[in-house]
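The values are calculated or read from the model by the stated rules, or taken from the named source; none is laboratory data. What you see is a predicted model, and the numbers here were worked out from it, not measured in a lab. As a convention, Cβ positions derive from the backbone with ideal geometry for all residues, glycine included, and neighbour counts pool all protein chains shown. Note: accessible area is taken over every heavy atom of the protein model, side chains too, but ligands, DNA and RNA are not part of it. Shrake-Rupley method; radii C 1.70, N 1.55, O 1.52, S 1.80 Å.
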Amino acid sequence: MRIDIITVAPELLRSPFEHSMMKRAIDKGLAEVHFHNLRDYGIGSYKKLDDMQFGGGAGMVLMIEPIAKCIEKLQAERTYDEIIYMTPDAKTLNQATANSLSLKENIIILTGHYKGVDQRVRDKYITKEISIGDYVLTGGELAAAILCDAVIRLIPGVLGDEQSALTDSFQDNLLSPPVYTRPSEYEGMKVPDILLSGNFPKIEEWRNEKAYERTQLIRPDLLND
Ligand code: ADE
């Protein structure tokens with residue numbers, strides 16, 4: 001999978017791709033991530049990227065020309081399955097979206113800044129808009145890193161069997177059940193007997209029950225979906 005990220009702050013984005021599962025996916029050749037500095041497509045000698053919004057109001061808006069130039073240059077080189085815009089005014093990212101994006105071959109992620117991008121960028125180029133939650137970040141870079149992490153770990157071959165994504169929270173619209181490791185007793189707090197029993201069908205049943213209980217308590221909205 002190839003991911004092209006268009007950003008005004010590439011340096012904000014690099015580190016998450018240099019560690020852990022995203023690095024492993026890149027090293028294994030399962031994911032390729034390229035950063036494109038929007039400034040390189042800026043207008044005039046000042047490489048201008050933004051301007052005041054028509055109609056007045058606080059906050060600068062990213063102009064269409066630099067973004068169009070960058071997207072069209074990429075599109076001339078290959079076909080993209082999705083051109084995603086990270087923005088708080090969109091549907092919230094969930095596991096189903098991450099699953100479906102992990103099967104794509106080429107995607108572009110556009111990160112916004114300031115007041116966002118000229119609406120005509122969204123109308124002309126964007127095929128999917130994603131928010132990572134109901135709060136506003138300074139820019140879309142950290143949101144893009146989160147999206148990439150959620151997607152890249154699901155690319156077939158990235159996780160080993162021992163870390164299978166199938167038992168993650170949300171994979172079946174349930175939160176994960178509690179997990180324990182050694183010691184089996186700590187300051188009087190015991191690991192539930194069932195987990196030490198070796199009775200795997202019963203353990204599975206217990207885990208499902210706990211996952212359901214936890215979901216009902218913390219995220220009942222998931223059960224209604
Ligand atoms: N840019 C700013 N806030 C954001 C959010 N919550 N999700 C995605 N992109 C954003």
Quiz item: Filter region 98-128 for residues that are open to solvent by less than 30 Å² (accessible area, probe 1.4 Å) and within 13 Å of the chain's Cα centre (by Cα); which is nearest to the ligand (Cβ to nearest atom)?
Solution: 111
Quiz prompt | Pairs, first modelled with pLDDT under 95 in region 112-130, second small (Gly, Ala, Ser), C-beta under 7 Å, six or more apart | solution = 112/139; 112/140; 113/139; 114/59; 115/59
Quiz item: Within region 158-174, is even one residue in contact with a Pro (Cβ under 8 Å, 6 or more places away or on another chain) and closer than 30 Å to residue 17 by Cα?
Solution: no
Quiz item: What are the residues in region 162-186 that are without any contact (Cβ under 8 Å) to a residue 12 or more places away in the chain and either more than 30 Å from residue 84 (Cα to Cα) or among the aliphatic types (A, V, I, L, M) (or both), if any?
Solution: 162, 166, 179, 181, 182, 183, 185, 186
Quiz item: Going by the conditions given, is residue 139 exposed (fewer than 13 other Cβ atoms within 10 Å of the Cβ), in contact with a strand residue (DSSP E or B) (Cβ under 8 Å, 6 or more places away or on another chain) and either in the same structural domain as residue 37 (by TED's automatic domain parsing) or touching a residue at least 40 places away in the same chain (Cβ under 8 Å) (or both)?
Solution: no
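I'm trying to understand the selection: among the residues of region 166-224, which are of a type in the set (A, V, I, L, M) and either open to solvent by 70 Å² or more (accessible area, probe 1.4 Å) or not in a helix (DSSP H, G or I) (or both)? Working first, answer last.
Of the residues in region 166-224, the ones of a type in the set (A, V, I, L, M) are 166, 174-175, 179, 189, 191, 194-196, 203, 211, 217-218, 222-223.
Within region 166-224, 166, 174, 175, 179, 189, 191, 196, 217, 218 meet the criteria.
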Quiz item: Out of all the residues in region 102-124, is one or more under 23 Å from residue 169 (Cβ atoms), part of a helix (DSSP H, G or I) and small (Gly, Ala, Ser)?
Solution: no
Quiz item: Among the residues of region 36-47, is there at least one that is assigned to a strand (DSSP E or B), open to solvent by 50 Å² or more (accessible area, probe 1.4 Å) and over 25 Å from residue 146 (Cα atoms)?
Solution: yes
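Quick one: how many residues across region 62-79 are open to solvent by 30 Å² or more (accessible area, probe 1.4 Å) and either of a type in the set (A, V, I, L, M, F, W, C) or outside the structural domain of residue 125 (by TED's automatic domain parsing) (or both)?
Here is the first cut: in region 62-79, the ones open to solvent by 30 Å² or more (accessible area, probe 1.4 Å) are 63-65, 69, 72-73, 75-79.
Narrowing the set further to residues that are either of a type in the set (A, V, I, L, M, F, W, C) or outside the structural domain of residue 125 (by TED's automatic domain parsing) (or both) leaves 63-64, 76.
Qualifying residue count, region 62-79: 3.
Which one of 131, 184, 197, 176 is of a type outside the set (A, V, I, L, M) and either within 16 Å of the ligand (Cβ to nearest atom) or assigned by TED's automatic domain parsing to the domain that holds residue 31 (or both)?
On the way: 184 fails: either within 16 Å of the ligand (Cβ to nearest atom) or assigned by TED's automatic domain parsing to the domain that holds residue 31 (or both); 197 fails: either within 16 Å of the ligand (Cβ to nearest atom) or assigned by TED's automatic domain parsing to the domain that holds residue 31 (or both); 176 fails: either within 16 Å of the ligand (Cβ to nearest atom) or assigned by TED's automatic domain parsing to the domain that holds residue 31 (or both).
Matching residue, one of 131, 184, 197, 176: 131.
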Quiz item: within 14 Å of the ligand (Cβ to nearest atom), within 24 Å of residue 58 (Cα to Cα) and either charged (D, E, K, R) or buried (at least 16 other Cβ atoms within 10 Å of the Cβ) (or both) - does that describe any residue in region 143-165?
Solution: yes
